[in-house]
1. Please verify whether segment 10-21 includes one or more residues that are touching a Gly at 6+ places or on another chain (Cβ under 8 Å) and among the charged types (D, E, K, R).
2. Answer yes or no: is there a residue in segment 201-218 that is in contact with a Phe, Trp or Tyr (Cβ under 7 Å, 6 or more places away or on another chain), under 14 Å from F7 (Cα atoms) and crowded, with 17+ Cβ neighbours inside 10 Å.
3. With the structure loaded, tell me whether E149 is of a type in the set (D, E), touching a Ser or Thr at 6+ places or on another chain (Cβ under 8 Å), surrounded by 14 or more Cβ atoms within 10 Å (Cβ to Cβ) and not in a loop (DSSP other than H, G, I, E, B) or whether it fails that test.
4. When you scan segment 26-35, do you find a residue that is buried (at least 18 other Cβ atoms within 10 Å of the Cβ), in a helix (DSSP H, G or I) and under 17 Å from the mean Cα position of the chain (by Cα), even just one?
5. Could you give every pair whose Cβ atoms fall below 9 Å, whose first residue belongs to segment 79-103 and is farther than 29 Å from F7 by Cα and hydroxyl-bearing (S, T, Y), and whose second residue is open to solvent by 70 Å² or more (accessible area, probe 1.4 Å) and at pLDDT 95 or above, counting only separations of at least 6 or pairs across chains?
6. If you take the residues of segment 120-146 that are among the β-branched types (V, I, T) and in contact (Cβ under 8 Å) with a residue 24 or more places away in the chain, which of them is most open to solvent (accessible area, probe 1.4 Å)?
7. When segment 73-115 is examined, which residues are found to be closer than 15 Å to G11 by Cβ and among the hydrophobic types (A, V, I, L, M, F, W, C)?
Amino acid sequence: MDRAFIFDVFGTLVDWREGVATIVGSAFEEHGVILDAYTFADAWRARYDPAMARIRTQGRAYVALDILHRENLDATLAEFGLENTFGQDERVALNQSWEKLLAWTDVHEGLDRLRLLGCVAPCSNASIALSLRLARFAQLNWDSIVGAEIAQTYKPAREVYISSCKTLGFEPKNVVMVAAHNDDLIAARSAGLQTAFIARPREYGEAQTVDFTPTSNWTYVAKDLVHLAEQIEIFG
């Protein structure tokens, strides 16, 4: 095995927005909350990058994404005036929605085919524990788990990509970073990795404004994971 494929997960492999909104919507219905669940999911997600930015800039010591998600959940509930609606156990259950996301329809076949061509592992901002539980739920068949927790910082920090390659035992030039986000690939390429772009135009629903198309000459550009596997099977 002379190469590895590492993957962004939220958005690239799993539909976080639909999954989170489904669980949130069910909780809202139980409590009689009149609020669009997708609006809440989007607001919760909007706090994701700012929370990680403080850690990337060393304004805060590394904490796992599970903790950031929970802090962001509490803040989002307060934003919508729901701070007194959900108890602690219910908040734990809501936070676990990030572990219960379904894969896009092309992912299982594509991932299985790529696994025949090299090692496959998530390079996600998720903690190892979150990645493990999500992999079991979404049926993602990994060879290993790498990413932010090993580097003790968050993408797109260079250390995440470099530490992932080192952990798997590959030189960066022999690792392909697969993502639906151009900024992820910019950072991976700067660290010496190969790159593969897959568009997920429904990740953010109708409000999506970026990442419909590749913004650079990535090593591979594919319409989905199966198409990526086909390209590599044919052209290497």
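The values are calculated or read from the model by the stated rules, or taken from the named source; none is laboratory data. Remember, it's a predicted structure, so these values are computed and weren't measured experimentally. With ideal geometry, Cβ positions are generated from the backbone for all residues, glycine too; neighbour counts draw on all protein chains shown. Ligands, DNA and RNA are stripped out before the accessible areas are found, and what is left, the full protein with its side chains, is counted by its heavy atoms. Shrake-Rupley method; radii C 1.70, N 1.55, O 1.52, S 1.80 Å.
1. yes
2. No.
3. yes
4. no
5. T85/H31
6. Step by step, filter segment 120-146, then rank; the result is I145.
7. Matches in segment 73-115: W98, L101, L102, A103, W104, V107.
Here is a yes/no grid of residues against (1) under 25 Å from A151 (Cβ atoms); (2) hydrophobic (A, V, I, L, M, F, W, C):
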{"site": "F40", "(1), (2)": "no, yes"}
{"site": "P50", "(1), (2)": "yes, no"}
{"site": "I55", "(1), (2)": "yes, yes"}
{"site": "Q58", "(1), (2)": "yes, no"}
{"site": "E71", "(1), (2)": "yes, no"}
{"site": "A78", "(1), (2)": "no, yes"}
{"site": "T85", "(1), (2)": "no, no"}
{"site": "L101", "(1), (2)": "yes, yes"}
